[in-house]
């Protein structure tokens, strides 16, 4: 502010506390990357994580692809609320089994994926065994929880991550086929 002669006689300052706005933005960004049904990361968050994980310091990078078996049957016979429960139960087990250095997401209707930093093929197979063991111990549910799992590992920077994911997906379908053959259906 100035007087009639143009001399400065004071000033006005306006301050705004943006802390609440920043917290709200962070909360919204987190929710945007979360699957609302399971609480896991969603496909959008997975796309961000795959960029972070697809770097030399994360090699070997193992991928585990998981697909829920018989979700349509559960939805058709018991109702969608039970289908949702099935997905939440699977997500809970996958999250419990996920190593701290790993990342797990629900990337589609009944599809889940792990990104496992610095994880050998043997370690990813051991995790698959652990997941199946955890699922086999579930009790008091109105349905049987079954998943097909497949894994593949990226060993070098030259390998394309999409190709590794496709290979893990292919292995998951082999697991699904083998389970159908064993059950007679």
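Some points to look at:
- Residue, nearest to residue 66 (Cα to Cα), within segment 153-166, restricted to residues that are touching a residue at least 60 places away in the same chain (Cβ under 8 Å) and assigned to a helix (DSSP H, G or I): 165
- Qualifying residue in segment 34-42 (condition: assigned to a helix (DSSP H, G or I) and either modelled with pLDDT of 95 or more or in contact with a strand residue (DSSP E or B) (Cβ under 6 Å, 6 or more places away or on another chain) (or both)): no
- Enumeration of residues in segment 125-145 that are part of a loop (DSSP other than H, G, I, E, B) and touching a strand residue (DSSP E or B) at 6+ places or on another chain (Cβ under 9 Å): 145
- Hits in segment 108-152 (condition: under 14 Å from residue 66 (Cα atoms) and without any contact (Cβ under 8 Å) to a residue 40 or more places away in the chain): 109, 125, 129, 130, 132
- Boolean, residue 105 is within 20 Å of residue 52 (Cβ to Cβ), modelled with pLDDT of 95 or more and surrounded by 15 or more Cβ atoms within 10 Å (Cβ to Cβ): yes
- The requirement of being touching a residue at least 24 places away in the same chain (Cβ under 8 Å), part of a helix (DSSP H, G or I) and crowded, with 20+ Cβ neighbours inside 10 Å is satisfied by residue 90.
- Residue check for residue 179: in contact with a strand residue (DSSP E or B) (Cβ under 7 Å, 6 or more places away or on another chain) and farther than 26 Å from residue 44 by Cβ: yes
- Residue within segment 153-170 that is touching a helix residue (DSSP H, G or I) at 6+ places or on another chain (Cβ under 7 Å) and either under 27 Å from residue 73 (Cβ atoms) or buried (at least 19 other Cβ atoms within 10 Å of the Cβ) (or both) present: yes
- Any pair with Cβ under 9 angstrom, 6 or more apart, that starts in segment 42-68 at a residue that is at negative phi and free of Cβ contacts under 8 Å to residues at least 12 places away in the same chain and ends at one that is surrounded by fewer than 22 Cβ atoms within 10 Å (Cβ to Cβ) and part of a helix (DSSP H, G or I): 52/58
- Checking each residue of segment 15-23 against the condition of being farther than 22 Å from residue 139 by Cα, part of a loop (DSSP other than H, G, I, E, B) and either in contact with a helix residue (DSSP H, G or I) (Cβ under 8 Å, 6 or more places away or on another chain) or touching a residue at least 24 places away in the same chain (Cβ under 8 Å) (or both) gives no match.
The values are calculated or read from the model by the stated rules, or taken from the named source; none is laboratory data. Only a predicted model underlies this, so the values are computations on that prediction, with no experimental measurement involved. For neighbour counting, all protein chains shown are included, and Cβ atoms are generated from backbone atoms with ideal geometry for every residue, glycine included.
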